[in-house]
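Structure first, commentary second.
The values are calculated or read from the model by the stated rules, or taken from the named source; none is laboratory data. Worth saying up front: this structure is predicted, and the values here are computed from it rather than measured. Heads up, the Cβs are rebuilt from the backbone with ideal geometry, glycines too, and the neighbour counts pull from every protein chain shown. For accessibility, only protein heavy atoms count, side chains too; no ligands or nucleic acids. Shrake-Rupley method; radii C 1.70, N 1.55, O 1.52, S 1.80 Å.
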Amino acid sequence: MKNYLTTALLLLLLASCKKEFTTTSADSANAVDASNETAALTTVKATYWDSVFTRYGGGWTGGDVAVSYKLPDNRVMWLWGDSFLDTVYPDRHRPIIGFIHNQVTTMNLQGGDFTTYYGGNRQNPLPYFNTGGSRYYWPNLACMNQQKTQVYVFMDKIKATGDGGAFGFKTVGVDVAILNYPDLSIKEIRPFSTGSVINWVGASYEGDDGYIYIYGVESTKYNKYARVCRTPKNNPLSTVTYYNGTTWASAPEQNGRLLGGLSENFSFFSYQGKYYLLSQENLLGPKIYLYDAASPTGPFTNKRLVYTTPTQVDNWTVITYNATAHPEFITADGKLLVGYCTNEIEKGTGIWKDADTYRPYFVWLSNWQ
């Protein structure tokens, strides 16, 4: 899961005080709308998509990140970080095997033809993206070249710190896996950035101006700030320029902050000629917000609460994080699918005893524009 050591400690302190958050109902969502002068915003659970990811075997059975990307052939590719493979028993517990650091899955737009990509074999599974050393990868965002021949997957490069527990790791850079399309075989993996000052896996957006925009996250002790760079769509990674608040510069250190209070992962997308940014609040908070954007570089306005995630799954207390939008599933009447990740870390055993504590959940947003 993502690097939230400091903020997770704060969350656990809040949990110890038994502060509870509940699912936002349609009525409470409308109350939020009234304060923002937006009529009839409603949020309901996407039970069908929850059921799609309630799996028992034959491939992926649980994990986080849960970022989706629509391929030209109408398959949807899903990226997963630490995740499980193959077996979940009828009572939803799993054996302590099949855990790997990343996988890829694909499906059609109805959630069928679910296919899992990983290394090794069922008896000895390996990550799909493998460093071949002591480091490991968490894939976080995807984009394609203009020719639609290659998929670019941006990945956190992770080092185990030896501290143990759920937060015994450190981000040491970002690498990019270049996949051949349509078979998604790995052509090569190349470095993109080093260090962890700006983690370039926040979100991506393929503009209609010939550029792919890659959003990074700068983490401070109490806040996370979005930054953005861009690369030409016809030849990704050939050049990269960084937005400094006014124009585009060639030096990464000239990059400027766009917006604070965000999650480590978020979504930037367009719909019917408008731009939007969706993010869970900073510090692992349960609230999910949507912003209007004037352009891929902002400014960002009309911040509104669209959902408050629950912190209970069955009998387990969970953290929720990295909410993302899935605009490829927008319905004919304009409903937007939004997902968020869950993880049980209070006791550290829930992800084996209850597979539903470590997986994404989904809601539909209506009248969110």
query = Is it true that some residue in the stretch 216-227 is over 19 Å from Thr297 (Cβ atoms), part of a loop (DSSP other than H, G, I, E, B) and free of Cβ contacts under 8 Å to residues at least 40 places away in the same chain?
reply = yes
remark   = Here the residues within the stretch 256-288 that are open to solvent by 10 Å² or more (accessible area, probe 1.4 Å), within 23 Å of Lys221 (Cα to Cα) and polar (S, T, N, Q) are Ser267, Asn282
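Select from the stretch 100-124 the residues that are β-branched (Val, Ile, Thr) and open to solvent by 20 Å² or more (accessible area, probe 1.4 Å) and write down the one among them that is farthest from Tyr358 (Cα to Cα).
This residue is Thr115.
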ask   = Just wondering, is there one or more residues in the stretch 334-345 that are over 19 Å from the mean Cα position of the chain (by Cα), modelled with pLDDT of 95 or more, open to solvent by 10 Å² or more (accessible area, probe 1.4 Å) and not acidic (Asp, Glu)?
value = yes
task = Output the residues belonging to the stretch 210-222 that are open to solvent by 40 Å² or more (accessible area, probe 1.4 Å) and closer than 19 Å to Ser267 by Cβ.
result = Tyr211, Ser219
ask   = Of the residues that make up the stretch 239-256, is at least one closer than 30 Å to Ser366 by Cα, touching a strand residue (DSSP E or B) at 6+ places or on another chain (Cβ under 8 Å) and not polar (S, T, N, Q)?
value = no
Residue that is surrounded by the most Cβ atoms within 10 Å (Cβ to Cβ) [pool: residues in the stretch 70-79 that are out of contact with any Asp or Glu (no Cβ under 8 Å at 6 or more places or on another chain) and either under 28 Å from Asp354 (Cα atoms) or among the charged types (D, E, K, R) (or both)] = Leu79
inquiry  = For the structure I just gave you, tell me whether Gly111 is touching a helix residue (DSSP H, G or I) at 6+ places or on another chain (Cβ under 6 Å) and modelled with pLDDT of 95 or more.
reply    = yes
remark   = Pairing a residue in the stretch 303-315 that is of a type in the set (Phe, Trp, Tyr) with any residue that is in a strand (DSSP E or B) and open to solvent by less than 30 Å² (accessible area, probe 1.4 Å), where Cβ atoms lie under 6 Å and the two sit 6 or more apart in sequence or on different chains, gives Tyr307/Thr43; Tyr307/Ile288; Tyr307/Val363
ask   = Among Ala294, Ala323, which is the only one that is more than 28 Å from Thr241 (Cβ to Cβ), small (Gly, Ala, Ser) and modelled with pLDDT of 95 or more?
value = Ala323
query = Can you tell me which residue in the stretch 241-255 is most open to solvent (accessible area, probe 1.4 Å), limited to those that are farther than 21 Å from Thr171 by Cα and in a loop (DSSP other than H, G, I, E, B)?
reply = Thr246
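Going by the conditions given, is Lys221 more than 15 Å from Val153 (Cβ to Cβ) and either among the basic types (Lys, Arg) or in contact with a helix residue (DSSP H, G or I) (Cβ under 7 Å, 6 or more places away or on another chain) (or both)?
Working: more than 15 Å from Val153 (Cβ to Cβ): yes; either among the basic types (Lys, Arg) or in contact with a helix residue (DSSP H, G or I) (Cβ under 7 Å, 6 or more places away or on another chain) (or both): yes.
It is true that Lys221 is more than 15 Å from Val153 (Cβ to Cβ) and either among the basic types (Lys, Arg) or in contact with a helix residue (DSSP H, G or I) (Cβ under 7 Å, 6 or more places away or on another chain) (or both).
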ask   = Quick one: which of Ala66, Ala46 is in contact (Cβ under 8 Å) with a residue 60 or more places away in the chain, surrounded by 22 or more Cβ atoms within 10 Å (Cβ to Cβ) and either within 22 Å of the chain's Cα centre (by Cα) or over 19 Å from Ile288 (Cβ atoms) (or both)?
value = Ala66
